[in-house]
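The values are calculated or read from the model by the stated rules, or taken from the named source; none is laboratory data. Bear in mind the structure is a predicted one, so any value in this text is a computation, not a measurement. Ideal geometry is used to build each Cβ from the backbone, glycine not excepted, and the neighbour counts take in all protein chains shown. SASA here: full protein model, heavy atoms, side chains in, ligands and nucleic acids out. Shrake-Rupley method; radii C 1.70, N 1.55, O 1.52, S 1.80 Å.
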Amino acid sequence: MFEMETVLVSIAIVFFPLLLLCLRWVNDRWHLVRAGNESDGGKMPPGSMGWPVIGELLDFLWCFKFTRRPDDFIAKRKARYGDTGVYRTHLFGYPTIVTSSPELNKRVLGSLTEEGYFSTGWPSTQLLGSSAVVSVDGSAHKRLRRHLMEAFNSPKALRALLATAQPMFISTFEDWVSKKRIVAYEETKAVMFRNICDMLVSFKSKTLLDSMEVLYRGLMAGLRSMTINIPGTAFHHALKCRKKLTDILLEEVRERNEKGSQKQDFLQILIDSTDENGQKMSETQVVENIVSLILGGYESTSNVLTWALFYLAKYPEVLEKLKHETSLIAAKTSGDGFLTMEDIRAMEYTPKVADELIRLANISPFIFRRVAKDNVVVNGYKFPKNWKVIIWIRSIHVDSTYYQDPLAFNPDRWGESKPKVGTYTVFGHGPRYCPGNNFARLTVIMFLYHVCLNYRWELLNPDSGMAFQPHPKPRDGAQMYFSRAM
């Protein structure tokens, strides 16, 4: 009996790994057959489709969540298949092509998207709506983007940001002083949500904003989840959150239309905007775009502000240089102590700090696209229609090929020389380049100025390490003591 058990165990030890390898091989071949025959000289990129159903998601989670070494995901594929900059895989429920070189990323995000070979690949239109700027293509996207670019970058909008954000930052810092001990990750999210809602829809009620922020957090969790709409899933909860947010914003739009009231915010700009035929946007289009703009505006920028406090506490030499410039600017500001656009243009070091923070704290490690046409071949590799494309930008932002000592916080790297094209894509590239990039950068600069001018802080756990799921942040949320400077 004992000998029989030994034989069975031995057989299992030999054949079980072979069975697993067979499953991976069959799964890989099945996806390649479905992708169709090679055409126009294109061949499928190197890689593996992983396990049936889950693909290579376990390896992704291993790198991002458990070992907290997210750059290993691309590094392992480079080591295994060569530094081609393009690999096939299966992630988040879809067969996927990953691009990870500056040249390929630039082409996919730029000319190939402009020419219609690639379309939007994320997020789900169920969550943000089919008419939101992140969802539409072609002429509809160009029209919406034109409105947003004009709205975000007009002198009027920038002056409004200066007037709204600065007193809000100062009152927030005073609140932090009274608390003495804060979790920066939570506090910066709260202040940025208030700021973005004030700028976009003129909402100021703390009760309303608190309830909306909870709904937006639920919506964001759903955007990062599998699109499984059954009770208990993050996606199902996100759909419910989106419905409630839509109702809140739709009520505001209808109230303005019925009363004929005019407010100085982005919602009003969208309500009043017309296309080349003089047609206004529908209520649904207005609301869906405001939902996506609030979502895109507050979380990404708040993450940069958290890292600003973290890195400046860890790099006192950078903080001292920043304080020196801040004091020089403060000596020239107007009586209310608020920055003007002229003050900001006079800064030299602060914008470098902002650019370095945005590089290291970039909330999204990758950008999604979808292959929209048949027979798409790029650099000799086939991109099958309807496959997802992940443009992996994080690996470039922390690659020593393009940035010396890339994980070090070094604002001085932003000197006279400009980054190589395709190596700084924190706001995307091409026709879908983030229209609010100047807004975000200006917000970071204002935050840096006021926090360095009158306050000081100290990390409770300076060696807490980093978490990378769902995006990079200090593991303890950057807990710190916060006080007024003496």
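A few points about this structure:
- Of the solvent-accessible surface of the chain, computed with a 1.4 Å probe and all protein chains present, 56% belongs to carbon and sulfur.
- For region 73-114: rounded, prolate or oblate by the Cα gyration tensor [a/c cutoff 1.5]: oblate
- Of the Cα atoms belonging to region 358-486, the radius of gyration and Dmax stand at 18.8, 66 Å.
- log₁₀ of I(q)/I(0) at q = 0.17, 0.31 Å⁻¹ - region 240-295, Debye sum with one point per alpha carbon: -0.53, -1.37
- Solvent-accessible ranking of 338, 468, largest area first, probe 1.4 Å: 338, 468
- Estimated vicinal HN-Hα couplings, Hz - region 371-377 in sequence order (Karplus 6.51, -1.76, 1.60; Gly, Pro = x): 6, 9, 10, 6, 6, 7, 10
- Pairwise centroid distance, computed over Cα atoms, of region 70-126 with region 275-302, Å: 27
- For the chain, the membrane-span-like helix rule (DSSP H, alpha carbon extent of at least 30 Å along the helix axis, mean Kyte-Doolittle at least 0.0) picks out 2-35, 155-179, 283-314; this says nothing about an actual membrane.
- Distance between the C-alpha centres of region 467-486 and region 134-209: 20 Å, rounded to the whole angstrom.
- Put a dot 7 Å past the Cα of residue 258, heading toward its Cβ, do the same for residue 377, and the two dots end up 6.0 nm apart.
- The chain - convex hull of alpha carbons, volume per residue in Å³: 190
- Prolate/oblate/rounded call for region 125-164, Cα gyration tensor, a/c under 1.5 rounded: oblate
- Kirkwood-type radius of region 280-431, with distances r between different C-alpha atoms, in Å: 18.7
- Normalising by residue count, region 42-93 has a Cα convex hull of 81 Å³ per residue.
- Overall Cα dimensions of region 200-356, principal axis frame, Å, largest first: 51, 41, 34
- Oblate is the label for region 38-130, because the ratio a/c of its alpha-carbon gyration tensor axes (a ≥ b ≥ c) is 1.5 or higher and a/b is not greater than b/c.
- Helix-only [θ]222 nm of the chain, DSSP H runs n ≥ 4, -39500 (n - 2.57) each, per residue, nearest 500: -17500 deg cm²/dmol
- DSSP assigns beta bridges within the chain; of those with both partners inside it, close to 85 percent run antiparallel.
- Straight-distance candidates among the lysines for linking to residue 382, with alpha-carbon spacing under 18 Å and chain neighbours fewer than 8 residues away dropped: 43, 106, 373.
- Partners of residue 142 within straight-line reach, counting aspartates and glutamates whose Cα lies under 14 Å from its Cα and excluding those fewer than 8 residues away in the same chain: 114, 115, 150, 275, 276.
- For the listed residue pairs 206/244; 76/314; 352/418; 352/420; 78/385; 179/321, the alpha carbons are over 22 angstrom apart in 76/314; 78/385; 179/321.
- Theoretical FRET efficiency, 1/(1+(r/R0)^6), r = Cβ-Cβ of residue 158 and residue 328, R0 22 Å, to 0.05: 0.50
- Note on region 413-456: the C-alpha convex hull projects to 4.4 nm² when averaged across all orientations.
- Packing here is the average count of other Cβ atoms within 10 Å per residue, and on that basis the peptides 199-207, 28-36, highest first, run 199-207, 28-36.
- Percentage, to the nearest whole number, of Cα pairs in region 227-268 over 15 Å apart: 56
- Residues of region 294-311 with amide N under 17 Å of the 7 Å Cα→Cβ point at residue 210: none
- Spin-label model distance (nm) - residue 233 vs residue 179, 7 Å beyond Cα toward Cβ: 3.5
- Per residue, the convex hull spanned by the alpha carbons of region 376-438 comes to 138 Å³.
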